[in-house]
Protein chains: 2
Amino acid sequence: MKNMTGEGRGGGAEPESCFSYFFEPRSVAVIGALREGWFGGYVIIKNLRVFGFPGEVYPVNPRYDKVLGLDVYASVKDIPAMVDLVIIMTPAAVVPSVLEECGACGVRAAIVVSDGFAERSEEGARLQKELVSVGRREGIRILGPNTVGVTNTANGLVTTPYEFGYSSIRRGFVALAGQTGIIAPQAVPYEDLQYGISKICDFGNKCDVDEADLLEYLAEDAETKVIAMYLEAIRDGRRFLATAKRVVEKKPVIVLKSGRSEAGAKAAASHTGTLAGDDKIYDAAFRQAGVLRIQNFRELFEIPKIFGQPRPKGNRIAMVTMTGGAGVMSTDIAYECGLELARFSEETSNRLGEIFPSLAKNPSDVGPALFADDIIQIYKKAIEAALEDEGVDCVSVVLWTGEAAPPPLYVELFKELKERASKPVAIWAYSAHLVLAQELSRELEKLGFPVFSDFETAVRALGMLYKLSKRVND
Amino acid sequence: MKNMTGEGRGGGAEPESCFSYFFEPRSVAVIGALREGWFGGYVIIKNLRVFGFPGEVYPVNPRYDKVLGLDVYASVKDIPAMVDLVIIMTPAAVVPSVLEECGACGVRAAIVVSDGFAERSEEGARLQKELVSVGRREGIRILGPNTVGVTNTANGLVTTPYEFGYSSIRRGFVALAGQTGIIAPQAVPYEDLQYGISKICDFGNKCDVDEADLLEYLAEDAETKVIAMYLEAIRDGRRFLATAKRVVEKKPVIVLKSGRSEAGAKAAASHTGTLAGDDKIYDAAFRQAGVLRIQNFRELFEIPKIFGQPRPKGNRIAMVTMTGGAGVMSTDIAYECGLELARFSEETSNRLGEIFPSLAKNPSDVGPALFADDIIQIYKKAIEAALEDEGVDCVSVVLWTGEAAPPPLYVELFKELKERASKPVAIWAYSAHLVLAQELSRELEKLGFPVFSDFETAVRALGMLYKLSKRVND
């Protein structure tokens, strides 16, 4: 990578990916709007503080002296130290010249938040081209323009320019990326969901660094176990394919690709200025590369969660449910995604049948058994039996919570189960009260159990996990 | 209907459907378990009180004197008045003899909550047969067994035997029915969602009254505008088809049919003891009858909500979004379900373009325009323009809420919009905070705007509405 010279990071060692500068800068300059409010550079600086980013932060704006207790520099050239990453949110027209100045100071990476480029107009497209050529010339890699940037939960780097009112994101193993800001913290209640994140990246218009660059970085990122991306277009199909093929050997790559319809492709062009291309070609390419393609936005967030679970040895699913209806519907989904209903061993059947007949078959229905014993105890026995039965490879669990079975009791149960859960488990929790279902979901997520927003997605996620494991095991 | 003699209701007039007794009884006897707790007849009586059921309620159990201030009768025969509906939750083995006694007292309808019938064992199946023949002989229609019964928001009749901790369900136009209790109030946060319900019916094992009976009743029910059903099997295909054909002329019928896979069908058999049959035949029959088939449980609740909206004149959708990504993905969905992107008139384009260029095209993107004006004002202008443009038939709206645009301001806006909204509107609301998105969704539902759990479902619902309108208009 000729534009990544050794003078960058870590005392001369060449970084493996340009994304090191985007995710692990030692210092950040925020250039442009600094007015106090809920949007802008002011908020970026605040977010970096709140999330505990340990590196230096340099505000740049000729019209300010101090912002949030920090000295403000009139130009990036005035900063008395090396800057790894700049975040630019000046008006579009001046971004190229700002970037030029950055080049003169040895900056290696720029997140261009400003919009008004290829997504807006011909003039914007021209400006974007100019931006790219300045970047090339100055050896600066560019993320964006028209992006809210990145999040790295390992170092508190949150470049989102919106005030979003929470101050921590759980460190986790899911990396989310997309040509959209709706995966960023101002749009997703990561804290309320206790959703575990490693990295987030909004590509914006993707004028320079792209999905292939990010894949290369995330493949080596020890925090990331699974990569999920929303893409409107792929910049360099051949390179993406080659990169993805290598990366899926290390960790799963999940893609939601829009622009399937012609009109969708056109909408994509006016959203991020990129060309979507023929969907069939993408589909074939994803299959060839071993990329898991998903079809809706909800799955982009939910399917990755299953990849924190142990890999199943086979496709035999046991279902523990509180409602027979969910059991029947889940069975349909299971078969549609390559799973089959496990047959309990005689020992399991007998053990469960002694508690209540409805438990002894698969799906194992806790509902009718409710009055035979304490709810939590019945769940415990049913889930344990499924985990221990050698004929079972994975388990879906439907939990009902309410006054008679409040979230803390389930939390105790799942703490115990965690010790012995060597099979993947996928959960759906429901209740007559939103807050109770949400509390239970959140607490189980904290324990490392993936909770899905419906039972269908829970089963589908297990199907995806099986599909992947099969490929890896074969 | 020979078992519905004139002596029943309303001074001798023959009721149009046996379901009149299930939904509009003047008096109810609750027979069986009355122990204080969170499940059982005790709770049914409590729920009838809490929801304000105005009819007489008679507890029946030989081992009690008083329950919740009511005299308890040793047998249904001791009740000194006519009983329209009995709710039975004795052990399965004695249900037939209890029903026999009811017959002797002129009871016309029985909800059998007890389980342990065809869903459990051969002996249970035999008992169920016996139950049916007692019902036939005595002229009593049976709902269930293995059911949580019905809800009627018009008269506070809630027969759910579980304590669920809320005390009102918004009166609305959606009738939900299914062979499952997870549509009943103990399983769904109807109050938190401000979901508007007319009737709910859990068919249970469906030994007697069935989906066709219910369709006949709901077709005439003035409170119900749309009927959504989860079915594991259909008892009498020919009758269902004929009935549905008539009913869809009056109001839409939406069906989620499980047992699509062989294993799913088998699971259905052990859930409600019914036989699912070949899915392709169902599919063809639904199409022939004009029934809208849906594919997942979430849609069972969400799609019906759109039918409170005005019918669109055509298939041209305008999208107002806060995020370009949702616009692109929504466009794909729109085309997949028969909608197409509206072209704004020059006047609309100019009007919106003056505010900000990203608003002038469809999808109209509020996101980049945020800083041109107050968020709510931008939304107002964009939505109004879409509603007023003659080239637009329906509108999907993606709302972001947060500190800078809190729910109450949107509520004000949509109150205004309601006056002039003669086109269908479907909404998705998102936020960095679950409670804010939920508050906004709930408040807009109260105003009569349908809010969906994702933007895809919002667009798909408009597609369904268009599909139906087209059939009606053609």
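The values are calculated or read from the model by the stated rules, or taken from the named source; none is laboratory data. All values reported here derive from a predicted model rather than from experimental measurement. Cβ coordinates were reconstructed from backbone atoms using ideal geometry, including for glycine residues, and neighbour counts include every protein chain displayed. In case anyone asks, the SASA skips ligands and DNA or RNA and just uses the protein heavy atoms, side chains included. Shrake-Rupley method; radii C 1.70, N 1.55, O 1.52, S 1.80 Å.
Miscellaneous remarks
- Summarising the amide proton neighbourhood of residue A:256: residues at separation of 5 or more, or on other chains, whose placed amide H is nearer than 5 Å comprise A:229, A:230, A:231, A:294.
- Threshold 20 Å² - residues in region B:297-331 whose accessible area is reduced by that much or more when the chain is no longer isolated, probe 1.4 Å: B:297, B:298, B:323, B:324, B:325, B:328, B:329, B:331
- Per-residue average of Cβ from other chains inside 10 Å of A:177-184: 4
- Using the Karplus relation 6.51 cos²θ - 1.76 cosθ + 1.60 with θ = phi - 60°, the per-residue 3J(HN,Hα) values for region B:426-437 come to 10, 10, 10, 10, 9, 6, 6, 10, 3, 4, 5, 4 Hz, with x marking Gly and Pro.
- Local net charge near residue A:109, Cβ-Cβ under 9 Å (Lys/Arg +1, Asp/Glu -1): +1
- Other copies of residue B:123: label-to-label distances in nm, shortest first, labels 7 Å along the beta-carbon direction: 8.5
- Residue-normalised accessible area of region B:310-473, expressed per residue, 1.4 Å probe, Å²: 36
- Restricting attention to chain A, close to 15% of DSSP beta bridges with both partner residues there are antiparallel.
- Relative contact order, whole percent, for region B:110-191 stands at 26, derived from Cα pairs under 8 Å and 6 or more residues apart.
- Dividing the convex hull volume of the alpha carbon atoms of region B:310-473 by its residue count gives 96 Å³ per residue.
- Probe 1.4 Å, protein heavy atoms only - accessible area per residue of region B:144-288 in square angstrom: 31
- FRET efficiency for the residue A:123 to residue B:343 pair, using the beta carbon distance and R₀ = 22 Å, is estimated at 0.40.
- Tail beyond 24 Å, pair distance distribution of region B:10-304 (Cα, percent): 48
- Shielding of B:358-371 by partner chains, average beta-carbon count, 10 Å: 3
- Extension gain from residue B:287 to residue B:250, taking 0.36 nm per residue of separation minus the Cα-Cα distance: 11.7 nm
- Phi to ³J(HN,Hα) by Karplus 6.51 cos²θ - 1.76 cosθ + 1.60 over region A:314-328, Hz, x for Gly, Pro: x, 10, 8, 9, 10, 10, 10, 9, 9, 9, x, x, 4, x, 5
- Here the calculated FRET efficiency for residue B:50 and residue A:97, from their Cβ-Cβ distance with R0 = 51 Å, stands at 0.15, rounded to the nearest 0.05.
- Short to long, the 5 Å bins of the Cα pair-distance histogram for region B:41-128 hold 3, 13, 22, 24, 19, 11, 6, 2, 0 percent of all pairs.
- Among A:244-253, B:427-436, the peptide with the highest mean count of other Cβ atoms within 10 Å heads the list, and the full ranking is B:427-436, A:244-253.
- Summing charges over neighbours of residue B:385, with a neighbour being any other residue whose Cβ is under 15 Å away from its Cβ, gives -3 when K and R count +1 and D and E count -1.
- Zero-based 10 Å bins, Cα pair distances in region B:232-297, whole percents: 22, 52, 24, 2
- Put simply, the amide H of residue A:341, placed in the peptide plane, has neighbours under 5 Å in A:317, leaving out anything fewer than 5 places away on its chain.
- If you wrap region B:162-263 in the convex hull of its Cα atoms and look at it from every side, the mean projected area works out to 7.3 nm².
- Summed residue charge, Cβ within 12 Å of residue A:352's Cβ, Lys/Arg positive, Asp/Glu negative: -4
- DSSP finds beta bridges in the protein assembly as shown, and of those with both partners inside it, around 15 percent are antiparallel.
- Here's the list of aspartates and glutamates a cross-link from residue A:77 could span, going by alpha-carbon distance under 18 Å and ignoring same-chain residues fewer than 8 apart: A:7, A:56, A:65, A:100, A:101, A:138.
- Heavy-atom accessible area buried between chains B and A is around 5200 Å² (1.4 Å probe, both sides summed).
- Translational D in µm²/s for the protein assembly as shown (Stokes-Einstein at 37 °C, 0.692 mPa s, Kirkwood Rh from C-alpha pairs): 111
- Taking the accessible area of region A:310-473, probe 1.4 Å, and keeping the other protein chains in place, the carbon and sulfur fraction comes to 50%.
- Relative to the other identical copies, residue A:78 shows label-point distances of 9.3 nm, where the label point lies 7 Å from Cα along the Cβ direction and values run shortest first.
- P(r) tail fraction, region B:39-85 - alpha-carbon pairs more than 17 Å apart, %: 31
- Residues with amide H under 5 Å from that of residue A:58, placed H, sequence gap 5 or more: A:28, A:29, A:30
- The protein assembly as shown, helix-only ellipticity at 222 nm - DSSP H runs n ≥ 4, -39,500 (n - 2.57), divided by all residues, nearest 500: -11500 deg cm²/dmol
- Estimated FRET transfer efficiency (residue A:242, residue A:262; beta-carbon r; R0 25 Å; 0.05): 0.35
- The residues of region B:413-453 occluded by other protein chains by 50 Å² or more of accessible area, set against the chain on its own, are B:432, B:433, B:434, B:438; surface from heavy atoms, 1.4 Å probe.
- Portion, in percent, of the accessible area of region A:10-304 that falls on carbon or sulfur, probe 1.4 Å: 50
- Mean partner shielding of peptide A:255-267, defined as the number of other chain Cβ atoms within 10 Å of each residue Cβ, is 6.
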